[in-house]
Amino acid sequence: MDTLVRDYLERFGVQEATTRFLNKPQKMFIGGEWVRGAAEEALDVIEPSTTGVITQIPLATIDDLDRAVRAARTQFDGSPWRKLKPLERERLLHRLADLIEANATELAEIESIDMGKSAAQARDVDVQGTIDTFRYFAGWASKLHGRTVEPSLPGDYVAYTRKEPVGVVGIIVPWNFPLQTMAWKLAAALAVGCTAVIKPAELTSLSTLRFAELVQEAGIPDGVVNVVTGRGGVIGAALARHPGIDKLTFTGSTNVGRDVGQAAVQDIRRVTLELGGKSPVLVLDDADVDAAARAVANGMFFNSGQVCDAGTRVYVQRKIHERFLGALIDYTRTLKIAPGLDPDCFIGPLVSALQKERVSAYIDAGRREGAELVYGGRKREEAGYFVEPAIFAHCNNAMKIVREEIFGPVLVTSPFDDIDEAVKLANDSPYGLAAAIYSNDVNRIHTLVPQLRAGSVYVNAHSTIDPAMPFGGFKESGFGKDLGMEQLDHLTETKAVWITLH
Ligand code: NAD
């Protein structure tokens, strides 16, 4: 850890456990062992508000990956894990949830230091969401069942279906909610009896490595959960194509998702793709303007806009457009920009120098295309990957800033006149992850909901997420669901059993 990071941690007084974890050499978790891997080289991990080096993570080689897949395969093919009774799996998952809860502040601090996000939000959202997800899916371990069927064929049969775990699951996740997104995939996989190889994002692997220590402490058998770290184009691509993987569950950009999906089709491997978004928000003229403005700003600038379902395209009914814009700007002004460990931080730095440049380039493009920058958008020149939230007005759907996923704190607005026009504008995107409606008119809400081509529709709020509700996109935002009972279907095979009676 360099002095920039050490000073930062001291300034905000992080827990001793956090500093201890960050100071130790990071290793991968393969077959129950902690290993550096075969590569000589390692990857620097940067703290985004100081740009100091926190530590290094190993770069897995193909041999390391093979060992991880073999370990997961051995456990799946009949070792202790597959022999556990459902209630025993359930108990282990609850024990893991208890350990996450007991170490919640440390995990939140690690997430904040690694990724840049607010530590308070990491505690309340990322880590709490992780605990809830493990508890929710723990309960499913003992409630999975097939059904009996009465066939109409001549003769006598007993016919029933069995739900069986799909096998070894490859998990690839992005950097914006590293722990929580991993949990969304792993908890359900373990509940149904699968084993897993996880590849966290190279920018943010640390919380997953700390989590793997808790997996071990919970008593989950060695080899059931494995973590390999390294570059997406190398080790992620190799995992996506690995013949030892039965199911790949990927969250990330649509471009990479396309490659992962192609590899899956080639090998007839099961795949879930949770991809990019550019979610529309419709503010109708009967909405509570101030409440809507607050919710829209929170739904856009939370996690510095690095949220897949962020409400980025905001269409406001003309009658209230100017009033709404004023309220939106006033409220956004109150959101504090600060390093993630600052207890008052709402908007932290972006995750990397590259992301800072990408987002700033989009803000420049918006200006060039003639959109009116009505608030913020300044790239901070001081150290750290800070970009002020930007609000553009009078945009149109042909503009790059309206069409493309920016994945940063950039909100675009434009007025609409009637509901038909609003639906057209909202659906005019290759993405279909989420949409939001602000209105107090139950008739208008229920008329709009079925017309919006999106995997989640939020009304009078944004990103209300719960492990019992499925999450996943329409159109180029992917297919398959994480969370909810729907996810269980993507992690099990249904076997039809026919017994002919004589
Ligand atoms: P990314 O696609 O660059 O990377 C995602 C993961 O894939 C990382 O772990 C990366 O190392 C790995 N990867 C990179 N190249 C790979 C390859 N060729 N083969 C296999 N794996 C590879 O995405 P990102 O920049 O980390 O994250 C941002 C993106 O994730 C945004 O598009 C965002 O919308 C999306 N996202 C979607 C959801 C959702 O639930 N739909 C949630 C969060 C983020």
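What follows draws every value from the coordinates through simple rules; no lab data is involved. The structure presented is a predicted model; accordingly, all values stated were derived computationally and were not measured. Cβ coordinates were reconstructed from backbone atoms using ideal geometry, including for glycine residues, and neighbour counts include every protein chain displayed.
Quick notes
- Residue order, fewest to most surrounding Cβ atoms within 10 angstrom, among K85, K400: K85, K400
- Cα shape, the stretch 446-502, gyration tensor, a/c 1.5 rule: prolate
- Label-to-label distance, nm, for residues given as D344 and R318 (7 Å Cα→Cβ offset): 4.2 nm
- With only Cα atoms counted, the stretch 268-335 has Rg and Dmax values of 14.9, 53 Å.
- Among the trypsin sites (Lys or Arg not before Pro) in the stretch 288-359, those located in a DSSP loop and surrounded by at most 13 other Cβ atoms within 10 Å of their own Cβ are K336.
- Taking amide H positions as modeled 1.01 Å from N, with prolines and chain starts lacking one, the residues under 5 Å from T272 and 5 or more places away or on another chain are L248, T249, F250.
- Loop-resident GluC sites (Glu not before Pro) (DSSP state other than H, G, I, E or B) in the stretch 386-469 with no more than 11 further Cβ atoms inside 10 Å of their Cβ are absent.
- Between E217 and L87, full extension at 0.36 nm per residue minus the direct alpha carbon distance yields a gain of 44.9 nm.
- Spin-label pair E372/R11, simplified geometry with 7 Å Cα→Cβ offset, distance in nm: 3.8 nm
- Estimated FRET transfer efficiency (E486, Q56; beta-carbon r; R0 41 Å; 0.05): 0.60
- Only beta bridges with both residues in the chain are counted; by DSSP, about 45 percent of them are antiparallel.
- FRET efficiency for Y157 and R231, using Cβ-Cβ distance with R0 set to 45 Å, rounded to 0.05: 0.25
- For the residue pairs K24/K117; K319/K356; K85/K495; K24/K336; K356/K424; K24/K379, the C-alpha atoms sit more than 30 angstrom apart in K319/K356; K24/K336; K356/K424; K24/K379.
- Expressed to the nearest 5 percent, the antiparallel share of DSSP beta bridges inside the stretch 280-466 is 20 percent.
- Gyration tensor verdict on the stretch 280-466 (Cα atoms; rounded if a/c is under 1.5, prolate if a/b is larger than b/c, oblate otherwise): prolate
- Distance in nm between pseudo-label sites at D267 and E382 (7 Å out along the Cβ direction from Cα): 4.8 nm
- Against the compact-protein benchmark of 2.2 N^0.38 Å, the Cα-based radius of gyration of the chain scales to 1.00.
- Footprinting exposure proxy ranking of V166, V127, fewest other C-beta atoms within 10 angstrom first, gives V166, V127.
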